[in-house]
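Okay, structure first, notes after.
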């Protein structure tokens, strides 16, 4: 895929975000140790450890969604977007988004913030959108197979 097209730029952005996410996941234990060292009270340490767990779980889910998106873009590059692996990938991305919304619901009990409600809503909508795209791709795959058989 050429990077001078819009899809090429999106693919490049996905690649950059994917590897940045992996870097953040690898660097996160170093960051949490520094934060615990600076803030030594037990209550703050509990809060930092919970937020660290939330960040790691969020990072893993985001890396997984980016991985699935990269696979879908690769299938578009080779000219086979309507395949079973893309349908399954979109469905799994929806599951990851819904699970990530549960992580943020847990965050409300640890550290309340007004924007967390919006993040939860966006994640649930993204999950539903991904489930819808999965069904759309499944139907497109069925129509494509039917069309291939008639020619």
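Quick note: the coordinates plus some simple rules give every number you see, no bench work behind them. Nothing here was measured: the structure is a model prediction, and the numbers come from that model. Every residue, glycine as well, gets a Cβ built from its backbone with ideal geometry; the counts of neighbours run over all protein chains shown.
Against the main long axis of the alpha-carbon atoms of the chain, helix 6-38 sits at an angle near 20°. Give the distance, in whole Å, between the Cα centre of region 38-112 and the Cα centre of region 117-151. The distance from the Cα centre of region 38-112 to that of region 117-151 comes to 19 Å. Here the residues 90, 55, ranked from fewest to most Cβ neighbours within 10 Å of their Cβ, fall in the order 55, 90. Of the peptides 138-149, 92-103, 6-17, 116-127, the ranking by mean beta-carbon count within 10 Å, highest at the top, reads 92-103, 116-127, 6-17, 138-149. For the chain, what relative contact order do you get, as a whole percent, if you take Cα pairs closer than 8 Å and at least 6 residues apart? Taking the mean separation of contacting Cα pairs over the length of the chain, I get 23 percent.
Helix content alone sets the calculated 222 nm mean residue ellipticity of the chain: runs of n ≥ 4 DSSP H residues at -39500 (n - 2.57) each, divided across all residues, give -32000 deg cm²/dmol. Ranking of 105, 62 by neighbouring Cβ atoms within 10 Å, starting from the fewest: 105, 62.
Applying 1/(1 + (r/R0)^6) with R0 = 41 Å to the Cβ-Cβ distance of residue 77 and residue 125 gives a FRET efficiency near 0.90. When Cα Rg over 2.2 N^0.38 Å is calculated for this entry, the matching label among (i) 1.30; (ii) 1.10; (iii) 1.00 is (i).
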